[in-house]
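A short write-up of the structure that comes next.
The values are calculated or read from the model by the stated rules, or taken from the named source; none is laboratory data. These numbers were taken from a predicted model, which means no experiment stands behind them. Virtual Cβ from ideal backbone geometry, glycine too; neighbours counted across all protein chains shown. Just the protein is used for accessible areas: all its heavy atoms, side chains included, with ligands, DNA and RNA removed. Shrake-Rupley method; radii C 1.70, N 1.55, O 1.52, S 1.80 Å.
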Amino acid sequence: MALATRPEQRDKQQREKQRPTRPVSTAGRLWRSTIGKKTVMAVSGAVMLLYLIAHMVGNLKVFFGPDDMNSYAHWLRTIGEPVLHHEWFLWIMRVALLAAVIAHGVAAYQLSRLDIAARPVKYVHQRRRTSYATRTMRWGGIILALFIVWHILDLTTGTVNPNGEHGRPYENIVATFDTWYGNVIYFVAMIAVGLHIRHGFYGAAQTLGVGSPTRDRALKVTANGLALILTIGFLSVPIGVMTGVVE
Amino acid sequence: MNLTLRIWRQTGPDTEGAMTTYEVTDVSPDMSFLEMLDTLNEDLILRGEEPVAFDHDCREGICGACGMVINGNAHGPERTTTCQLHMRQFEDGDVIDIEPWRAAAFPVVKDLVVDRSAFDRIIGSGGYVTAPTGSAPEAHATPVPKAAADTAFEHAECIGCGACVAACPNGSAMLFTSAKVVHLNTLPQGGPERESRVLDMVDTMDDEGFGGCTNTGMCTTVCPKGIPMSSITTMNREYLRALRKGV
Amino acid sequence: MTTPHGSYLDYRTGEPVVDTKAPDGPVAERWNRRRFEAKLVNPANRRKQTVIVVGTGLAGGAAGATLAEQGYRVVQFCYQDSPRRAHSIAAQGGINAAKNYRNDGDSVRRLFYDTVKGGDFRARESNVHRLAEVSVEIIDQCVAQGVPFAREYGGLLDTRSFGGVQVSRTFYARGQTGQQLLLGAYQALSRQIAAGNVEMHPRTEMLDLIVVDGRARGIVARDLITGRVDTHLADAVVLATGGYGNVFFLSTNAKNSNATAIWRAHRRGAYFANPCFTQIHPTCIPRSGDHQSKLTLMSESLRNDGRIWVPKERGDTRAPGDIPEDERDYYLERAYPSFGNLVPRDIASRAAKTVCDEGRGVGPGGQGVYLDFADAIARMGRPAVEAKYGNLFEMYERITAEDPYQVPMRIYPAIHYTMGGLWVDYDLQTTIPGLFAIGEANFSDHGANRLGASALMQGLADGYFILPSTLADFLARHPHDEVPADHPAVTEAVFGVTDRLYQLLSNNGDRTPDSFHRELGELLWDECGMSRSDSGLRKALDRLPALREEFWRRIKVPGSGTELNQSLEKANRVADYLELAELMCLDALHRAESCGGHFREESQTPDGEAERHDEEYTYAAAWEFTGSGAAPVLHKEHLVFHDVHPTQRSYA
């Protein structure tokens, strides 16, 4: 009967090779698909965003002097008592945040791999600004990941902090921002945070399907607003230290 | 006018390609871009060289066969199909770079011709309503609100040219896939297969090696039929809804 | 030049060809009777029978999907890279159906009557009635598939009236009805491809038909990517390869639409009916220069609101806006007061040619007339005009760089559709048993002229409903038996194809395929276009053999046959056009009457209207191939009109 032609056979082989069996569980299916991975990024991003907002507001305590700041830091350890043991809340939050960071990072890494593989040959005639947002997210993400490591070593464990005294966050903060490199690292990271939130918030809204043509403007304004407020809020601390408002 | 063309020449799927320079003279501004290539090809044949291979058919902007990246833009400087681009968009002495669609899922067949059969497989995995011939109820049995009919039509306009994939920095087929998902999922006729459609089509899209969406919006800016970005958001929503409901 | 090939003029008239499949009885009952009398194939046996479908347009796509749904093994082909790109996609206006949703007096009977009359009484009554009956099911089917037809605010389907009829029976999806209907069929087909019921071969072109013991048993096809020539064998072959309008080079057909499949079938024994019946569409964008590669049609729905005019004075070069109202000639409204700008296509086209021939044409070369929306914009407001015709206006502006909201459009007729095609009986079977032709590829339903919005109707009727019923009867009577792959008829066909490709590749002449195609197109447009004369047709018939000879002597095709070679594809198609053109001219010459799309200068009324000669020409002319360059044999199928009495068409 009909002789199958070569391309058909090639197609078929390719498809069979490419098509892995689909996981049946909802979570498995979610993690396998690009939209699912982006959903993971959106949700974990939202968790981190909420945390950042609280973190930023907490940071502003620094302007009320060492006592306010240090007692606020102490209070954080007592949240949930007596139901929760001392510092349990903090640890629960740290674990949740760590999970969010890992999920966000792994999904981002895998998606980037897929995206880069999807365009193996580049165009000879390159256009300007084609992938501005994508590049910002990728480089910004890497910068932030490195920053988080430094930030924890600096102000959580105190390992690399010039002061490094437990229970005295106010003094530790001031010590960090008394160094030039502390300021540089922090400024770069906070600008990266702003840009990351600006595109990430908008993208997350699209991924979660809450965007619509009528909401588009509102989403963009909110994204820009959040990015701006968080960047300024965070940067106000080193600026305060630099200008001597905080010492 | 006289132009310099730099065209991607590649003899077959497994061979190396390169940009080759040609001069064309006496180009009329009323010519379509493909007619300009026709005249080049007539010359090449008479000189005993192989003409430039490119896909084209209706030359009315509706079949979706034509498509090349012109100076880094999918379909060229105007938001239309390559066949509807006219030489009045260019000026005497211009250098024009012409390249094929670039994506892992669209391997080059020859010169500017690529294999877009991945699109057919995406449609085959769910881009239909199961309505075997003869089984249809009377057409007026189910009224469709005009707004839904209009939305469905706007998305059904997609011509499957692949410009969205070519323009996307990630070689993503989200706009193509979402156009069909939104078309059919908006209509009551598409209701019974609403969940399986979006899940299966997205799975196939991922399996074919297209990248993910990073919300750059490049796809919509080149789409000759103006499929909106909200199409992707709606598909994301449909996808997550389908996952929640489970299939 | 002497006419050594004058033999073509010495055609012979053979036995009449008779449609034996149409049942007798009242026309309205024939389709039901035929379906009941048809034999059926046991569902368990369907999988054993293979049907080849060539083409994936409305007819082919619908047929392939439906046959696969019914359980047959379908092997389908298209030359495009995807079945979704078949040229049905470019149809703009709409699809007729006798739903009578408007309560404006429409009925199956009226659609039947309008189509027979519109076809200028050269179509078969039984076929047309069946078409009108099936039309209502098509709309149901397409709506169920999710085709987004235009709707009213109440959620019900909208309709409009369309070229040449006075009821509102045309369903539409903005200006992209063909696209939406085709995507519906394509999606249904895609489902069957994914399910493994259809073996789809895109980018594969049929180059010959395999006939074994008088029965169509397969095709020879070339994989356009690898150049591989393969045979595909089956129990029946369905050609859904569209029309042959591209023989004119400039037409509204897609660039790669071609006549090779039907012409090869004709050479293998299928009669070719009414080849001279070609439709010239009145509302196309005029050509802009010698570089023109194809013509773009704009939906004739534009004529619903646009007014067609030219200056009263010849050689008036003023801008349209500067020509006062009383110096404009709204010639259609003047000559045909009751139909005005909505007269059928053939009449509108010829009227445009007449005023241009008088020197009153507008635009470059005087080859154009105005289609003016100023009144419509004043009456309905620009937003309403934009909503209705926005995409057409945009397309026009893109091509011409003129804004039709400001200046009237310029339009000129162009070849658009071919009513002629392979002769088929009521079952859509050609004169080769086992070979069926559907859609534009056959000649059946439109007579000498097709009404607007009827092509989509016919393609889908054939593909979804008619062929699947009638083909079952054939398959039931011909249980599967294997044809050996090395059967002499198979090897002969393959050899013929590869030999011809070799000849084209090895000739190394000095002219390109396009240069021959252009020359052929100009000759046909001049002598066998909108208006034909005895002397002109004889001139063409004299020139064609010489042109063909020159083609085989001077053709140059670069590259090889084992790769994607678009020049080779083109040259191979042009070779067939050069043969088909001769049959078209002969058919046009032999039919010394004017009817429908065929206007013979010798046959007109004193006031210049087309004049039919029913006593001599009430037949379909089915031509039999007798050998390359040899005179064909004419077989007449006499047409009988029981239900619609032939009258001279009058649209005054």
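To the nearest 0.05, what FRET efficiency results for C:Arg318 and C:Gln604 with a Förster distance of 22 Å applied to their C-beta separation?
0.10
Applying a 10 Å radius around every beta-carbon, put B:140-148, C:90-98 in order of their mean neighbour count, most first.
Peptide ranking by packing, descending: C:90-98, B:140-148.
How big is the accessible area of C:Ser135 in square angstrom, nearest 10, if you roll a 1.4 angstrom probe over the protein chains?
0
Report the full-extension gain for the segment C:Tyr113 to C:Thr354: residue separation times 0.36 nm, less the Cα-Cα distance, to one decimal in nm.
83.9 nm
Counting partner chain Cβ atoms within 10 Å of every residue's Cβ in C:504-516, what's the average?
Details: counts 0, 0, 0, 0, 1, 0, 2, 2, 7, 2, 5, 3, 0.
Mean shielding by partner chains, rounded to a whole number: 2.
What number comes out for the charge environment of C:Leu537, summing +1 per Lys or Arg and -1 per Asp or Glu over other residues with Cβ under 14 Å away?
-3
Need one value: the accessible area of C:Arg538 in square angstrom, 1.4 angstrom probe, rounded to the nearest 10.
Solvent-accessible area, nearest 10 Å²: 110 Å².
Kindly work out what percent of the DSSP beta bridges joining two residues of chain C are antiparallel, to the nearest 5.
Antiparallel bridges: around 70 percent, rounded to the nearest 5.
Please list, or write none, the lysines whose alpha carbon is within less than 30 Å of the alpha carbon of A:Lys37, excluding same-chain residues fewer than 8 places away.
Qualifying lysines at Cα under 30 Å: A:Lys12, A:Lys17, A:Lys122, A:Lys220, B:Lys180, B:Lys225, B:Lys245.
Tell me the net charge near C:Ser288. Cut-off is 13 Å between Cβ atoms, C:Ser288 excluded, with +1 for each Lys or Arg and -1 for each Asp or Glu.
On the way: positive: B:Arg88, C:Arg287, C:Lys294, C:Arg398, C:Arg410; negative: B:Asp30, B:Glu35, C:Asp290, C:Glu402.
Around C:Ser288, the charge tally is +1.
Estimate the FRET efficiency between C:Ser628 and A:Ser25 by the formula 1/(1 + (r/R0)^6), using the beta-carbon distance for r and 51 Å for R0, to the nearest 0.05.
Plugging the Cβ-Cβ distance into 1/(1 + (r/R0)^6) gives 0.15.
Excluding ligands, DNA and RNA, what is the solvent-accessible area per residue of region B:117-245 at a probe of 1.4 Å, expressed in Å²?
Result: 25 Å² per residue.
Taking the Cα centre of region C:560-652 as origin and charging only Cβ (+1 Lys, Arg; -1 Asp, Glu), how large is the dipole, in debye to the nearest 20?
My answer is approximately 200 debye.
Are there any GluC sites (Glu not before Pro) in region C:378-487 that are in a DSSP loop and have at most 15 other Cβ atoms within 10 Å? List them by number. Working shown, then result.
On the way: sites: C:Glu386, C:Glu394, C:Glu397, C:Glu402, C:Glu440, C:Glu482; in loops: C:Glu402, C:Glu482.
Loop-located and lightly packed - C:Glu402, C:Glu482.
May I ask you to order A:238-244, C:451-457 by the average number of other C-beta atoms within 10 Å around their residues, highest value first?
Highest mean packing first, the order is C:451-457, A:238-244.
Taking 7 Å along the Cα-to-C-beta vector as the label spot, tell me the A:Val124-C:Ala546 distance in nanometres, rounded to one decimal.
For A:Val124 paired with C:Ala546, the spin-label model returns 4.6 nm.
Need one number: % antiparallel among DSSP beta bridges in region B:3-110, to the nearest 5.
75
GluC sites (Glu not before Pro), restricted to region B:1-56: which are DSSP loop and have at most 15 other Cβ atoms within 10 Å?
Details: sites: B:Glu16, B:Glu23, B:Glu35, B:Glu42, B:Glu49; in loops: B:Glu16, B:Glu49.
The qualifying sites are B:Glu16, B:Glu49.
Show which lysines lie in cross-link reach of C:Lys556 when reach means a straight Cα distance below 20 angstrom and same-chain residues fewer than eight apart are skipped.
Of all the lysines, those that pass the test against C:Lys556 - Cα under 20 Å, at least 8 places apart if same chain - are C:Lys255, C:Lys570.
Given the DSSP H assignment, sum -39500 (n - 2.57) over each helix run of at least 4 residues in chain B and divide by its residue total; what's the result at 222 nm in deg cm²/dmol, nearest 500?
Calculated from helices alone, the mean residue ellipticity at 222 nm is -10500 deg cm²/dmol.
Nearest 5 is fine: what % of DSSP beta bridges in chain B come out antiparallel, could you say?
Percentage antiparallel, nearest 5: 75.
Calculated FRET efficiency, A:Glu247 and A:Thr156, Cβ-Cβ r, R0 22 Å, to nearest 0.05?
The calculated FRET efficiency here is 0.45.
Classify region C:281-416 as rounded, prolate or oblate, taking a ≥ b ≥ c as the square roots of the eigenvalues of its Cα gyration tensor: rounded when a/c is under 1.5, otherwise prolate if a/b is larger than b/c and oblate if not.
rounded
Taking beta carbons within 10 Å but only from partner chains, what does the mean come to for residues C:250-259?
3
Just checking the output field for A:205-214: average partner chain Cβ neighbours within 10 Å of each residue's Cβ?
That works out to 6 on average.
How large is the helix-only mean residue ellipticity at 222 nm for chain C, computed as the sum of -39500 (n - 2.57) over DSSP H runs with n ≥ 4, divided by its residue count, in deg cm²/dmol to the nearest 500?
When only DSSP H runs of four or more count, the value is -11000 deg cm²/dmol.
Distance from the Cα centre of region B:9-28 to that of region B:124-140, in angstrom?
45
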